[in-house]
1. Name the one entry in Leu408, Leu354 that is closer than 19 Å to Gly240 by Cβ, open to solvent by 10 Å² or more (accessible area, probe 1.4 Å), at pLDDT 90 or above and touching a Lys or Arg at 6+ places or on another chain (Cβ under 7 Å).
2. Against the definition (surrounded by fewer than 21 Cβ atoms within 10 Å (Cβ to Cβ), free of Cβ contacts under 8 Å to residues at least 24 places away in the same chain and over 19 Å from Thr248 (Cα atoms)), how does Val317 come out, yes or no?
3. Kindly provide the set of residues from region 58-82 that are buried (at least 18 other Cβ atoms within 10 Å of the Cβ) and either under 26 Å from Ala179 (Cβ atoms) or of a type in the set (D, E, K, R) (or both), ordered by number.
4. Give the residue, chosen from Phe20, Phe24, that is within 22 Å of Gln96 (Cα to Cα), assigned to a helix (DSSP H, G or I), open to solvent by 10 Å² or more (accessible area, probe 1.4 Å) and at pLDDT 80 or above.
5. Go through region 320-425 and tell me which helices (runs of 4 or more DSSP H), entirely inside it, have 1 or more residues that are touching a strand residue (DSSP E or B) at 6+ places or on another chain (Cβ under 6 Å).
6. Gly288 passes all but one of (1) of a type outside the set (Val, Ile, Thr); (2) in contact (Cβ under 8 Å) with a residue 12 or more places away in the chain; (3) open to solvent by 20 Å² or more (accessible area, probe 1.4 Å); which number fails?
7. Can you find a residue in region 259-280 that is within 16 Å of Ser152 (Cα to Cα), assigned to a helix (DSSP H, G or I) and among the hydroxyl-bearing types (Ser, Thr, Tyr)?
8. Among the residues of region 244-285, count how many are within 18 Å of Ala49 (Cα to Cα), open to solvent by less than 30 Å² (accessible area, probe 1.4 Å) and not small (Gly, Ala, Ser).
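The values are calculated or read from the model by the stated rules, or taken from the named source; none is laboratory data. In this text the structure is predicted, and so the values were computed from the model without any measurement. Positions of Cβ are backbone-derived with ideal geometry, glycine not excepted, and every protein chain shown enters the neighbour counts. The protein model used for the area step is the full one, side chains on, heavy atoms only, and it has no ligands, DNA or RNA in it. Shrake-Rupley method; radii C 1.70, N 1.55, O 1.52, S 1.80 Å.
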Amino acid sequence: MDNSSNVKKQNFTIPIIVMFLLFFMIAFVTNFAGSMGVIVKNQFGTSNAIAQLGTFANFIAYACMGIPAGIILRRKGYKFTSLLAVTVGFIGVGIQFLSGYAGSFAVYVTGALVAGFSMCLLNIVVNPMLNTLGGGGNRGNRLIQWGGTLNSTGGTLAPILLGYLIGGSVDAASVSDAAPAMIIAMAIFAVAFVVIMLTRIPEPHLETKEMRAAKTKDPHSPLSFRHFVLGAIAIFFYVGVEVGIPNTANLYMTTPGDNGGLAMAPDLAGWFIGAYWFLMLCGRFIGGLLGGKVSSKAMLSVTSTIAILFLLCLIFVPVTSTVHLHGADVPIKIVFATLCGLCTSVMWGAIFNLSAEGLGKYTPMASGIFMTLVCGGGILPFFQNLLADGIGFVGSYWIVIFGFAYILFYALVGCRNVNKDIPVE
């Protein structure tokens, strides 16, 4: 029986809504971990690089879980994988919640790692599922972009909420201050578990026991496709720059002036980081509208070029050039960092769409490999802030420019499928 044809014929509104809900949780929990760097730096007296260990642990989980998660998805299906993901997410956030009262940096990082396993599992589910339900191509990209809008909503709320909970001074901030946000996250995971349990989710790529028994060793894999390999590398850089821009900007804004920062209040800094993710929401909303008309290649080429221009402005515009926003004089540099959210907004869906195009039966395993490279979201920000410890926050953004340059290369050259002779049915 052709499962893919059934997916195109049936109405899967409820499964799509469930996937959108999970997209929300991915960004909320991930951005929450990123924004916690400000608290961790204060409470535990860490360097900028060490303050990113929570984010590092959150994303390094992808490197550990990406391939196994792809196997789980192929053998157990979307519903089982979704339920496992929200359960693990509840536990991970719960551990971080307890770390605030234990006053332990190690417990906090452990919780971030466990939550990262959940985020990896969720990404494994939602991206191929939305691409499949959309029918692939531009329609699949459009559905991923709409899901990305909900993803950006969660990403926008996390830093704003955390900044509000910290208040106007970072000096007394501790992990326990973020307890209300963690309780909200656990509640959403609990609700998602119930909704998924009661929802019928299609399983177009589920591998049955009979299929495994009859399967012979395949000489090919997703790694046989050049455009997929280069796309997975593009995802490594994309997630790294997407996370590195706001995380480093947050530390830059809240660090005292004698340590190379701008000495801004955490709640004000939280609004600017929230604005970055809000612009991602706006960009994904626009991407959802244009996804059926504008190719993923065009989206990626234009946005990566504009992002490079914004970051060059961030580096070279003097810090004395300011704009009056939210009752304070804010360096225009921060505005350019915030505007990058418009550029990064559509990149995930576009890269995934270009990389998965033409993979057919290799899509589930490709998704697992794809998620492994999401670890860039922890590795690049760590090295960016290691560089910031040495040459300053502004200079560290050259790493981000390099990442966008590779993404531009992928959009212009690397995304072409040169392996169409490989059977994918």
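1. Unique residue meeting the criteria: Leu354.
2. So Val317 does not fit the description; no.
3. Those that are buried (at least 18 other Cβ atoms within 10 Å of the Cβ) and either under 26 Å from Ala179 (Cβ atoms) or of a type in the set (D, E, K, R) (or both): Asn58, Phe59, Ile60, Ala61, Arg74, Lys79.
4. Phe24
5. Helices (runs of 4 or more DSSP H) meeting the threshold: 332-344.
6. (3)
7. For region 259-280, residues within 16 Å of Ser152 (Cα to Cα), assigned to a helix (DSSP H, G or I) and among the hydroxyl-bearing types (Ser, Thr, Tyr): present.
8. The number of residues fulfilling the criteria is 10.
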